[in-house]
Amino acid sequence: MRSLAEEINRRRTFAIISHPDAGKTTLTEKFLLYGGAINLAGSVKGKATARHAVSDWMQIEKERGISVTSSVLQFEYDDFCINILDTPGHQDFSEDTYRTLMAADSAVMVIDASKGVEAQTRKLFKVCVMRKIPIFTFINKLDRDANDTFDLLDEIEKELGIATCPVNWPIGSGKNFKGVYDRESKCVICYSDTEKGTKEGTSVSIPVDDKDKLVEVIGEEAYEKLTEELELLDGAGADFSLDEVRSGDLTPVCFGSALTNFGVEIFLKHFLKMTTAPLARMSEGELVDPVSNDFSAFVFKIQANMNKAHRDRIAFMRICSGEFDADKEVYHVQGNRTMRLSQPQQIMADERKILSKAYAGDIIGVFDPGIFSIGDTVCAPKTSCKYEGIPTFAPEHFARVRQLDTMKRKQFVKGIEQIAQEGAIQIFREFNSGLEEIIVGVVGVLQFDVLKFRLENEYNVDIILENLPYEHIRWIANKNEVDVAKLTGTSDMKKVTDMKGNPLLLFVNSWSVGMTLDRNPGLELAEFSKN
Ligand code: G4P
């Protein structure tokens, strides 16, 4: 039997981020393989067909063969209990992707070695930076021709503004990929192209000082290049500092090939050594220690319609402190009531396992009869805790939405408000216009389809979406000091209010944002809302 502190301290909860096709799914599969959670990589989710296994909740996912929702995977490795929060890997993603990062203690960033930093990585990375969570980089697909290693590191530093520290160094790439040099052990680990789906083969490790042996195995040319690069690296690279890694200022970088299973276990081992157990979180200005406090958790995601027949909603919670015991009552802070969490479950691939116990660091899903909102806190009764809300991220696509059948106004408003409450979309109304028009804002355009689909299927309302050209949204940070009605912006600017009545401005381009700031001295604009 482990003590509570041991259970919590062996937990590692991280999100995987990448641009689509960089290899996130493949890497996750290999992690699970090492943990013994699956016998053969590919059985969790390969491509299109198998991907359904993970989150088969919405028909739209089935139709498109993509995962709209993020899911959680838990596995054991080397006495660690690891929770991976998967973020959808397709181009269109929703706020859920961002929110998932709020529930993680660190992030693994997968980069395609032939592509470097791509759009989606940049976006997700911003959220990691905002939260100052440690980021671990895996540069993947070294079995294919890769960009120059120094260039790749340079790009990460310049584009993402984070220092890099290579944990290992690749020797060649593509057909000439020979392996990696491990800087800590000062050994070269030779590449062996293991079969897809099997564990890493027994790779040979050769000390870098053993020139004859190395030349024999990797060849004279690769050896010369390696020594040259290592000299450069020792002179130029950032020094390793665990503190800087943990504050999110320095990212350790590993190289490998998830598909051929090279470098994955090395990465996992380094990662586990450098990451922390569940981190303390802020509640009303104070840090809540995960071990010494009673149970507390916050809701970071609400998933509706997982089972249409029951119209069920599942609230996903990240446990921040203590132990969750299904037999004990908890206190829902925002609802001000004591309750028992209904059907607590761990959602792993397509299986839902009813839980009796879970610990800080874990993610649980509970049945939500419509009482939870994103950001809510639940905790042990008689404890005082209220986690800071989850910021609302700026939508990037906007559309005016109308119901086709004007008689169905009530259902339409109810449906759209409920969906907005779950956080899948944001809705806005024209500022002071008295018009009943609703403007919908989403982070990824796929959410428009999800909205249409759900209003039709769950609320029996057909809608028309008319795309609007806005791309930038700003909350008025000092709304109490500004007379919004009198603001003078550019001609393309639109004033709207959000569900809570906060005033916002919509702009077609970033130039208009700057112009509006210039024209209204004292005006402060924010890219996301904290409440
Ligand atoms: P994602 O979740 O980040 O979107 O990427 P995913 O793992 O699905 O990988 C995208 C494609 O890249 C897949 O090929 C996958 O096999 C391939 N891939 C992943 N890691 C590596 C690697 O280390 N080396 C090479 N050469 N390829 C890699 P696909 O053809 O789209 O799918 P599949 O038919 O192989 O499943």
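The values are calculated or read from the model by the stated rules, or taken from the named source; none is laboratory data. Remember, predicted model here, so these are calculated numbers, not experimental data. All Cβ positions, even for glycine, are placed from backbone atoms using ideal geometry, and neighbour counts span all protein chains on display. These accessible areas exclude ligands, DNA and RNA; they are computed on the full protein's heavy atoms, side chains included. Shrake-Rupley method; radii C 1.70, N 1.55, O 1.52, S 1.80 Å.
Within a straight-line Cα-Cα reach of under 18 Å, LYS186 can be paired with the following aspartates and glutamates, leaving aside sequence neighbours fewer than 8 residues apart in one chain: ASP209, ASP210, ASP212, GLU216, GLU224, GLU228, GLU229, GLU231, ASP234, ASP239, GLU265.
Mind running the shape call on region 397-526? Use the C-alpha gyration tensor, a ≥ b ≥ c as the square roots of the eigenvalues: rounded below 1.5 for a/c, prolate if a/b tops b/c, oblate otherwise. It comes out prolate by the Cα gyration axes. Across the accessible surface of region 397-526, with the other protein chains kept in place and a 1.4 Å probe, carbon and sulfur atoms take up 48 percent. Seen against the Cα atoms of the chain and their longest principal axis, helix 409-421 is set at about 30 degrees. Would you mind classifying the chain by shape? Square roots of the alpha carbon gyration tensor eigenvalues, ordered a ≥ b ≥ c; an a/c under 1.5 is rounded, otherwise it is prolate if a/b is larger than b/c and oblate if not. Prolate is the answer for the chain, as a/c is 1.5 or above and a/b outweighs b/c.
Taking every lysine pair in region 397-526 that is 8 or more places apart or spans two chains, those with Cα atoms closer than 21 Å amount to 11.
Normalised per residue, the accessible area of region 397-526 is 48 Å², obtained with a 1.4 Å probe and no contribution from ligands, DNA or RNA. The Cys residues in the chain with no partner Cys Cβ within less than 4.7 Å of their Cβ are CYS81, CYS128, CYS165, CYS187, CYS190, CYS254, CYS320.
Between the Cα long axis of helix 264-274 and the first principal axis of the chain there is an angle of about 70°, rounded to the nearest 10. Taking the helices alone, the chain has a mean residue ellipticity at 222 nm of -7500 deg cm²/dmol, built from -39,500 (n - 2.57) per DSSP H run of at least 4 residues and averaged over all its residues. Were the residues from ASP327 through GLN411 laid out at 0.36 nm apart, the gain over their Cα-Cα distance would be 26.5 nm. The phi torsions of region 288-303, fed into the Karplus equation with coefficients 6.51, -1.76 and 1.60 and a -60° offset, translate into couplings of 9, 6, x, 8, 7, 9, 5, 4, 8, 7, 10, 7, 10, 7, 10, 10 Hz, rounded to whole numbers, with Gly and Pro shown as x. Shown in residue order for region 392-399 are the 3J(HN,Hα) couplings computed by the Karplus curve 6.51 cos²θ - 1.76 cosθ + 1.60 at θ = phi - 60°: 8, 8, 5, x, 10, 9, 10, 8 Hz (x for Gly and Pro).
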